[in-house]
Amino acid sequence: MAHQNTPQPPASNTPASFDWNGRSGEVWRDNQSRLDRMLAPYGAAAVAAASPAPGERVLDVGCGSGATSLELAARVGASGSVLGLDISEPLLSRARERVPPGVPVSFALGDAAKHALPEGTFDLLFSRFGVMFFDDPIAAFTHLRRALAPSGRLTFVCWRPFDQNDWVRLPMQAVADILPPLPLPGPHAPGPFAFGDTERVRHILTSAGFTDIDITAFDSPQVYGEADTREDAVAAALELALQVGPLSRAMAEQPPELRERAAAAVRAAFEARATDHVVTMDGAAWIVTARNAVLR
Ligand SMILES: C[S@@+](CC[C@H](N)C(=O)[O-])C[C@H]1O[C@@H](n2cnc3c(N)ncnc32)[C@H](O)[C@@H]1O
């Protein structure tokens, strides 16, 4: 049976799984500071790779609650600008609340695959884990590339494949014999791991009109739970995993008895990764950079 001892990739290709204007968006909004802490190393690595300069115009695609939009704004300064674009109203509301007066950031609600953008304008298209959800990624990246200045560049960070990411692999392995098997999405189905295959990423970006594509592995531990005691750190990690990501989707609509057994198994997996105050899980990402190939 597929679920015995085999970690399952998340069911990620149904719209209900990524309900960014419903439960997913609300959960991400409510856990904003924890998720930002968890994802900060990846965002910092991507910002460093993008190297935003004072005066540049940046589009932060799938900006969520705005952490990277603010980071980018600090780099481009008052003479530059950052537009955060996201499909999720709950997350954008949180993003808007976070902008201190005078910081050159604005936000727009829309589907990045087709939202109207000024042509040939941005110096940098940037994203922290916000570009893996498109149904038709070539069309989406073609649309986004048209908003890039001829000399513009693209930088994003995305996850490597599911089985290289302990933060999902270990919890899902822990529940593999407890929960029923999940419907298996194809490896390219829209979702967190859609860009794990570098050949596919190269094909998408080349087809969309990008060149000089570089894809570099970036590994980092993530703070999954943090508290004053080890026990509370494990509880915090479990609480987060039950709300966000594949485990939350695997648990959805399961009877309480199975949920309890699965939660106990995940707690044990986190305990194995806990130190005095923190549970860390390893994550594996790609940092992708490219340039606009199309001069107009
Ligand atoms: C994994 S979250 C990352 C959020 C944010 N970049 C961060 O690092 O905190 C993915 C984000 O992509 C957004 N998103 C998904 N599909 C989108 C689309 N087609 N257009 C715009 N945003 C989208 C979601 O609403 C969500 O905010």
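Once the stretch 39-96 is narrowed to residues that are within 12 Å of the ligand (Cβ to nearest atom), of a type in the set (S, T, N, Q) and not in a helix (DSSP H, G or I), the residue that is surrounded by the most Cβ atoms within 10 Å (Cβ to Cβ) is Ser65. Only one entry of Thr280, Thr206 meets the criterion of being out of contact with any Leu (no Cβ under 7 Å at 6 or more places or on another chain), among the polar types (S, T, N, Q) and part of a helix (DSSP H, G or I), and that entry is Thr206. Scanning the stretch 187-212 for residues that are among the charged types (D, E, K, R) and either in contact (Cβ under 8 Å) with a residue 12 or more places away in the chain or in contact with a Ser or Thr (Cβ under 8 Å, 6 or more places away or on another chain) (or both) gives Asp197, Arg200, Arg202, Asp212. Residue count for the stretch 64-97 under the criterion of being under 17 Å from Val27 (Cβ atoms) and in contact with a Gly (Cβ under 8 Å, 6 or more places away or on another chain): the result is 12. When Phe134, Phe126, Phe141 are checked against the criterion of being within 12 Å of the ligand (Cβ to nearest atom), part of a loop (DSSP other than H, G, I, E, B) and either in contact (Cβ under 8 Å) with a residue 24 or more places away in the chain or open to solvent by 10 Å² or more (accessible area, probe 1.4 Å) (or both), a single residue qualifies: Phe134. Residues considered: Val234, Val266. Of these, the only one that is assigned to a helix (DSSP H, G or I), in contact with a Lys or Arg (Cβ under 7 Å, 6 or more places away or on another chain) and under 30 Å from Asp30 (Cβ atoms) is Val234. Of all residues in the stretch 182-199, how many are more than 14 Å from Asp135 (Cα to Cα) and open to solvent by 40 Å² or more (accessible area, probe 1.4 Å)? Total satisfying the criteria: 4. Looking at this structure, is Asp219 open to solvent by 60 Å² or more (accessible area, probe 1.4 Å), charged (D, E, K, R), under 16 Å from the mean Cα position of the chain (by Cα) and under 24 Å from Asp177 (Cβ atoms)? Here the answer is no, as Asp219 does not meet what is asked. What number of residues within the stretch 144-164 satisfy the criterion of being of a type in the set (A, V, I, L, M) and open to solvent by 20 Å² or more (accessible area, probe 1.4 Å)? Adding up the residues that qualify gives 0. Taking the criterion of being farther than 15 Å from Glu119 by Cα and not charged (D, E, K, R), the residues of the stretch 132-153 that qualify are Met132, Phe133, Phe134, Pro137, Ile138, Ala139.
The values are calculated or read from the model by the stated rules, or taken from the named source; none is laboratory data. Predicted model, so just to flag it, every value in this text is computed and none were measured. Don't worry about glycine lacking a Cβ; one is built from the backbone with ideal geometry, like all the others, and counts go over all protein chains shown. Heads up: the accessible areas ignore ligands, DNA and RNA and are worked out on the full protein's heavy atoms, side chains in. Shrake-Rupley method; radii C 1.70, N 1.55, O 1.52, S 1.80 Å.
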